[in-house]
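The values are calculated or read from the model by the stated rules, or taken from the named source; none is laboratory data. As the structure is a computational prediction, the values presented were derived from the model and not from experiment. Here Cβ is always computed from backbone atoms with ideal geometry, including for glycine, and neighbour counts include all displayed protein chains. Note: areas computed on protein heavy atoms with side chains; ligands, DNA, RNA excluded. Shrake-Rupley method; radii C 1.70, N 1.55, O 1.52, S 1.80 Å.
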Amino acid sequence: MHKILVAMFMVLSFASLGDAQVPTSGNIFFGYSYYNSNLAVDRASLNGWEGSLEGKVFPHVGIVADFSGHYGSQDYPVCPVFVPVGGGGGGCATASTSTHQLNVMFGPRISFSAGRWRPFGQGLFGIAHVSSNGFGSDNSFAVALGGGVDYRIVKPVAWRFHLDYMRTQLTLAGFSVSSGSAQNNFRLSTGIVFRF
């Protein structure tokens with residue numbers, strides 16, 4: 001009986017998915033992205049790119065797939081594993097090393113048109129991957145909450161400005177890179193939008 005109920009549920013679920021509205025409009029965005037990161041000792045400025053694809057499921061609601069990569073150098077703590085004889089000089093130093101972070105996220109976006117302007121707000125969820133030369137790599141759940149505005153240049157082309165608050169919890173070389181707490185970062189992006 002249990003197997004029959006599960007089978008009926010699956011058939012009804014697939015049937016309802018078949019009736020779901022398929023996106024017939026949306027946009028593609030690609031541009032420059034600045035990432036203000038607190039991965040380690042001090043906040044660092046990482047530069048890179050962001051791209052996204054949005055499909056509209058309702059006139060003011062879309063589903064977004066968002067991809068970004070940021071690159072630069074980051075200062076990490078380097079602490080000696082031994083204490084010298086006499087007890088002096090055992091403090092930590094910092095080492096600057098190349099770092100890159102990649103993010104893949106998905107979620108809803110709400111937007112509306114006001115003349116040439118199209119403001120939007122979004123909530124994205126996914127994964128962040130960081131890799132740092134000499135300190136290893138790690139993956140973490142990532143959340144981005146933010147919004148922005150598109151300015152229409154000509155009918156299918158617009159220019160976008162947007163800001164996201166991003167939260168991750170990454171660990172490198174066996175220690176949490178921000179003292180055991182989540183990283184609170186900001187991403188500012190701008191670039192071209194093609195609407196379809």
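Tabulated data for the structure shown
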quantity	calculated
Residues being open to solvent by 60 Å² or more (accessible area, probe 1.4 Å) and either over 22 Å from Ser45 (Cβ atoms) or at pLDDT 95 or above (or both) - total across the range 89-109	5
Single condition Glu54 does not satisfy, out of (1) in a strand (DSSP E or B); (2) at pLDDT below 70; (3) charged (D, E, K, R)	(2)
Failed condition for Ser13, given (1) at pLDDT below 70; (2) in a strand (DSSP E or B); (3) among the hydroxyl-bearing types (Ser, Thr, Tyr)	(2)
Residue match in the range 30-42 (condition: surrounded by fewer than 16 Cβ atoms within 10 Å (Cβ to Cβ), under 30 Å from Ser111 (Cα atoms), within 31 Å of the chain's Cα centre (by Cα) and at pLDDT below 95)	yes
Single unsatisfied condition, Val83 versus (1) modelled with pLDDT of 90 or more; (2) on the phi < 0 side of the Ramachandran plot	(1)
Residue, most open to solvent (accessible area, probe 1.4 Å), within the range 110-165, restricted to residues that are touching a Lys or Arg at 6+ places or on another chain (Cβ under 6 Å) and among the charged types (D, E, K, R)	Arg116
Search result, residues across the range 128-142 that are assigned to a strand (DSSP E or B) and among the polar types (S, T, N, Q)	Ser131, Ser132, Ser137, Asn139, Ser140
